[in-house]
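All remarks here apply to the structure that follows.
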Amino acid sequence: MQTNDVGILSIDQGTTSSRAIVFLKDGTTVSSAQQEFTQHYPNNGWVEHDPEEIWSTALDVSQQAIAAAKKQGVNVVCIGITNQRETTLVWDKLTGEPIYNAIVWQDRRTASVCEELSDKLDMVRSKTGLLLAPYFSATKVSWILDEVPGARARAEKGELAFGTVDSFLVWRLSNGKSHVTDATNASRTNLYNIHSQQWDNELLALFNVPAAMLPEVKNCADNFGHSDPALLGEAIPITGIAGDQQAALFGQGCFKAGELKSTYGTGCFALLNTGDVPVSSEHKLLTTIGYQLNGKATYALEGAIFTAGANIQWLRDGIRVIEHAKQTQSLAESLSYDHGVFMVPGFAGLGAPHWDPNARASLFGMTRNTTSAHFARAGLEAVCYQTYDLLTAMHADGMPSNSVWVDGGMVGNDWLCQFLADILDVQVQRPTIMESTALGAAYLAGLQFGLYESLDDIASHKHVEKQFSPQLDKTIRQGLIDKWEKAVQATLAFTH
């Protein structure tokens, strides 16, 4: 079989949509399909998804992408999965039916539980590289077991399964034959020891999660099972899994220590490859597994911003000052640097380096002259200022970087990329293929399947589409950063 006839299906199950892309070996897109799904907000600070809608949209787009690829003579030979991380599901092992909605990574309902466990922070950090925050899966699992009648007793009897979205999708795709996850998703649960690379009994006891619920943890490129022929037309091996941000790191080819990528989707996540050394942050960044191959973990330092594209989604759907996200570029370009309006987007609390789940979003500097253009520009600028905070923290942790690879839906906006370069004061490089998350899952699947010989083989497909260099006057830049920092401090002061 010629490799140009061979396709890799990448299932990218995100926070607001499910997408499937069929890639050729060189990263060329053959076909794709995407469906948005419903966001549920049952209480203040709660965010849920219907697991059946996650499954139905993921299956539907996969079927569409495979069918479209076949029409072009491309046969899908393996499947890679990447997913919204930390989002937590619990389902019946016999029927596969979820016992509660998926609790989304943005959800803050367990903030008080995390505060109660604060004396265990050092232990949790030393084992997981994470903080005690409602963001991670452990407290979400425990909440479901406590709140759904009879769930805890059933879990202890081994009747219930826990998984992040990747686990749930593989379970459904394999018709219940595979209960698995990969090391990157496991490393985001607060239940997994990233040093010993196994589920940790002390953490399971702390969060009161029965071990019988847990999936088997595998490498990112591994044999995860096969799809049921009734679903995708044939039994296709599932050979690659990584959480969305780690998949983007892999898709960007950041295989060397010191290489940095920043993804701009619903949220923004900057990951810096630290090699085989897990760097412990003194500035509230996360230490996480970047990817794991052949039993060997490559670690990363991560900064998380909870809302990036979500800022623009709020402007469009929440207060309706724009009709389309693409409008933001022309609106931003219509204003000068001293327009005076700053947005601190604490819609789901503030992530790194503040980690304040109780923070709220704020707007500063408005006058009667403030228009939709100011809102749009402030929403875009906030993403750049927050990325500056992440890189500043990384530098302070002894991990400087002079360039950043960007990807995600937002970076098609040239104005945003240029402002990012100006504020970060580094080179911003945008790859030819911007779907780095889906591409990373495809690379992992292709690596296990044998389509790629090595990481060098994968890296050979990486190309820069456009590079952005800093151009902003240093004095103006510093003045903007100073105002941003005042806005953040005022936001935090209001919270407390």
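The values are calculated or read from the model by the stated rules, or taken from the named source; none is laboratory data. Keep in mind that what you see is a predicted model, and the values were worked out from it rather than measured. Cβ coordinates were reconstructed from backbone atoms using ideal geometry, including for glycine residues, and neighbour counts include every protein chain displayed.
Does PHE306 count as in contact with a Gly (Cβ under 8 Å, 6 or more places away or on another chain), touching a residue at least 40 places away in the same chain (Cβ under 8 Å) and crowded, with 23+ Cβ neighbours inside 10 Å? Here the answer is yes, as PHE306 does meet what is asked.
Scanning the range 53-66 for residues being farther than 16 Å from ASN83 by Cβ and either of a type in the set (Val, Ile, Thr) or buried (at least 24 other Cβ atoms within 10 Å of the Cβ) (or both) gives a total of 2.
Looking only at residues of the range 413-455 that are charged (D, E, K, R) and not in a helix (DSSP H, G or I), we find that the one that is nearest to LEU480 (Cα to Cα) is ASP425. Cβ-Cβ contacts under 8 Å between residues 6 or more apart (or on different chains), taken from a first residue in the range 167-186 that is assigned to a helix (DSSP H, G or I) to a second residue that is of a type in the set (Lys, Arg), are listed as ALA183/LYS218; THR184/ARG85; ASN185/ARG85. Is the range 123-144 home to any residue that is among the basic types (Lys, Arg) and out of contact with any Ser or Thr (no Cβ under 9 Å at 6 or more places or on another chain)? Within the range 123-144, not a single residue is among the basic types (Lys, Arg) and out of contact with any Ser or Thr (no Cβ under 9 Å at 6 or more places or on another chain).
Count of the range 105-127 residues, restricted to those that are within 19 Å of the chain's Cα centre (by Cα) and either surrounded by fewer than 23 Cβ atoms within 10 Å (Cβ to Cβ) or at pLDDT 95 or above (or both), is 1.
When you look at MET410, is it over 27 Å from VAL277 (Cα atoms), part of a helix (DSSP H, G or I) and at pLDDT below 90, yes or no? Yes, satisfied. All of VAL428, VAL406 fail the test of being buried (at least 24 other Cβ atoms within 10 Å of the Cβ), within 21 Å of the chain's Cα centre (by Cα) and farther than 24 Å from SER18 by Cβ, apart from VAL428.
Each residue in the range 475-496 was checked for being closer than 17 Å to ALA378 by Cα and of a type in the set (Val, Ile, Thr), and 4 of them qualify.
Would you confirm whether or not the range 20-34 contains a residue that is closer than 25 Å to ILE99 by Cα and either in contact with an Asp or Glu (Cβ under 7 Å, 6 or more places away or on another chain) or not aromatic (Phe, Trp, Tyr) (or both)? No, there is no match, as no residue in the range 20-34 is closer than 25 Å to ILE99 by Cα and either in contact with an Asp or Glu (Cβ under 7 Å, 6 or more places away or on another chain) or not aromatic (Phe, Trp, Tyr) (or both).
When restricted to residues that are buried (at least 21 other Cβ atoms within 10 Å of the Cβ) and either under 30 Å from ASP356 (Cα atoms) or modelled with pLDDT under 95 (or both), the range 75-98 contains 9. If only residues of the range 17-52 that are buried (at least 19 other Cβ atoms within 10 Å of the Cβ) and hydroxyl-bearing (Ser, Thr, Tyr) are counted, the one that is farthest from the chain's Cα centre (by Cα) is SER31.
In the set LYS70, LYS157, only one residue is over 25 Å from the mean Cα position of the chain (by Cα), touching a residue at least 12 places away in the same chain (Cβ under 8 Å), surrounded by fewer than 19 Cβ atoms within 10 Å (Cβ to Cβ) and not assigned by TED's automatic domain parsing to the domain that holds ASN358; that residue is LYS157. Here THR491 passes the criteria (1) surrounded by 22 or more Cβ atoms within 10 Å (Cβ to Cβ); (2) among the hydroxyl-bearing types (Ser, Thr, Tyr); (3) under 21 Å from the mean Cα position of the chain (by Cα) except the one numbered (3). Count, please, the residues in the range 134-166 that happen to be assigned to a helix (DSSP H, G or I) and within 19 Å of GLU48 (Cα to Cα). Residues that pass the stated criteria total 14. Kindly indicate whether ALA352 is within 30 Å of SER281 (Cα to Cα) and either touching a residue at least 60 places away in the same chain (Cβ under 8 Å) or in the same structural domain as GLN489 (by TED's automatic domain parsing) (or both). Yes: the conditions hold for ALA352.
Let's see how each residue does on (1) under 17 Å from VAL22 (Cβ atoms); (2) exposed (fewer than 15 other Cβ atoms within 10 Å of the Cβ); (3) at pLDDT 95 or above; (4) touching a helix residue (DSSP H, G or I) at 6+ places or on another chain (Cβ under 8 Å):
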| residue | (1), (2), (3), (4) |
| --- | --- |
| ALA441 | yes, no, yes, yes |
| ALA445 | yes, no, yes, no |
| GLU453 | no, yes, no, no |
| ASP456 | no, yes, no, no |
| LYS462 | no, no, no, no |
| GLU465 | no, yes, no, no |
| PHE468 | no, no, yes, yes |
| LEU472 | no, no, no, yes |
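Report yes if THR392 is of a type in the set (S, T, N, Q), surrounded by 22 or more Cβ atoms within 10 Å (Cβ to Cβ) and in a helix (DSSP H, G or I), otherwise no. Criteria not met by THR392.
Does the range 152-186 hold any residues that are touching a Leu at 6+ places or on another chain (Cβ under 8 Å), over 17 Å from THR239 (Cβ atoms) and small (Gly, Ala, Ser), and which are they? ALA155, GLY163, listed by residue number. Considering the range 458-488, and only residues there that are over 25 Å from the mean Cα position of the chain (by Cα) and of a type in the set (D, E, K, R), the residue that is farthest from PHE419 (Cα to Cα) turns out to be LYS486.
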